[in-house]
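See structure below.
The values are calculated or read from the model by the stated rules, or taken from the named source; none is laboratory data. Just so it is clear, the model here is predicted, and its values are computed rather than measured. Backbone-built Cβ (ideal geometry, glycine too); neighbour counts: all protein chains shown.
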Amino acid sequence: MLVPRGGNQFDDVDSWDASDLSYITKLAAIGDSYSAGIGAGNRLGDASQATDSQSDWSCGRHDNAYPSLVNQDGRLGDKSKRRFQFQSCSGATLEDVAKRQLPHIDKGQQVILVSAGANDAEFVNILNHCIYQWASFDSSEKAFDELGNAIPGLLKDYPHLAEFQIEELTRSCDEQLEISRELVESDDFGNKLDKVLTEAKRKLARDGTIYYTG
């Protein structure tokens, strides 16, 4: 629920009309693919933006991502009178949000939508081992052995694959969930999330609000 804070025309919750949020003239969204909205409607931008890592196209922003739908909601009034800054980027980590997205957000934001942290917690690995099993192997499986044998040749032709972690592919779902839990509960994760929220607060107007969706 959006409750404006001090310095606004609303004195208390009772006088606040949820059907009229037209006072919001600055809205921003930062975060990862959950916020960028991969697969939700049409992809924004075009392939000519591929060399810009923060462009609409490269970040996989889509026109029906939830921040875009919020911006288009009639309760916020005429969107042409509102500045909407959509900086969310697929694959972004907490550090990416702090260093590559927040600096591009104007000050005086009345609402900032934040979705970040999943990539720091290896969410893609959870999807792999616990749901889709795109590349989830038991170390004794023939397919995994064949993959391991092929990697030296692949590295010769594609050296960037050196970042590929074989160990990550042999985890069970329970093992991956435990690893992700430890990451989320770590001081490093907490410190990075605190930095994102602290920097986001600096971008808020006096009556601004941050919504952190996870």
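Of the residues making up the stretch 23-51, those that are within 24 Å of Glu199 (Cα to Cα) and not small (Gly, Ala, Ser) are Tyr23, Ile24, Thr25, Lys26, Leu27, Ile30, Asp32, Tyr34.
Considering the stretch 14-45, the residues that are part of a loop (DSSP other than H, G, I, E, B) and of a type in the set (A, V, I, L, M) include one that is nearest to the chain's Cα centre (by Cα), namely Ile38.
Sub-7 Å Cβ pairs linking a first residue in the stretch 44-58 that is free of Cβ contacts under 8 Å to residues at least 12 places away in the same chain to a second residue that is buried (at least 16 other Cβ atoms within 10 Å of the Cβ) and among the hydroxyl-bearing types (Ser, Thr, Tyr), at least 6 apart or interchain, are Gln49/Ser55; Gln49/Ser58; Ala50/Ser58; Asp52/Ser58, ordered by first then second residue. Exactly one residue out of Leu177, Leu193, Leu204, Leu183 is in contact with a Phe, Trp or Tyr (Cβ under 7 Å, 6 or more places away or on another chain) and surrounded by 12 or more Cβ atoms within 10 Å (Cβ to Cβ), and it is Leu183.
Got a number for residues in the stretch 62-92 being aromatic (Phe, Trp, Tyr) and under 20 Å from Asp52 (Cβ atoms)? Selection size over the stretch 62-92: 2.
Within the stretch 44-94, the only residue that satisfies the criterion of being touching an Asp or Glu at 6+ places or on another chain (Cβ under 8 Å), at pLDDT 95 or above and charged (D, E, K, R) is Arg83. Residues that are in contact with a helix residue (DSSP H, G or I) (Cβ under 7 Å, 6 or more places away or on another chain), surrounded by fewer than 21 Cβ atoms within 10 Å (Cβ to Cβ) and either aromatic (Phe, Trp, Tyr) or free of Cβ contacts under 8 Å to residues at least 24 places away in the same chain (or both) occur at least once in the stretch 82-100.
Which one of these is aliphatic (A, V, I, L, M), assigned to a loop (DSSP other than H, G, I, E, B) and modelled with pLDDT of 70 or more: Ala121, Ala200, Ala205? Only one candidate passes the filter, namely Ala121.
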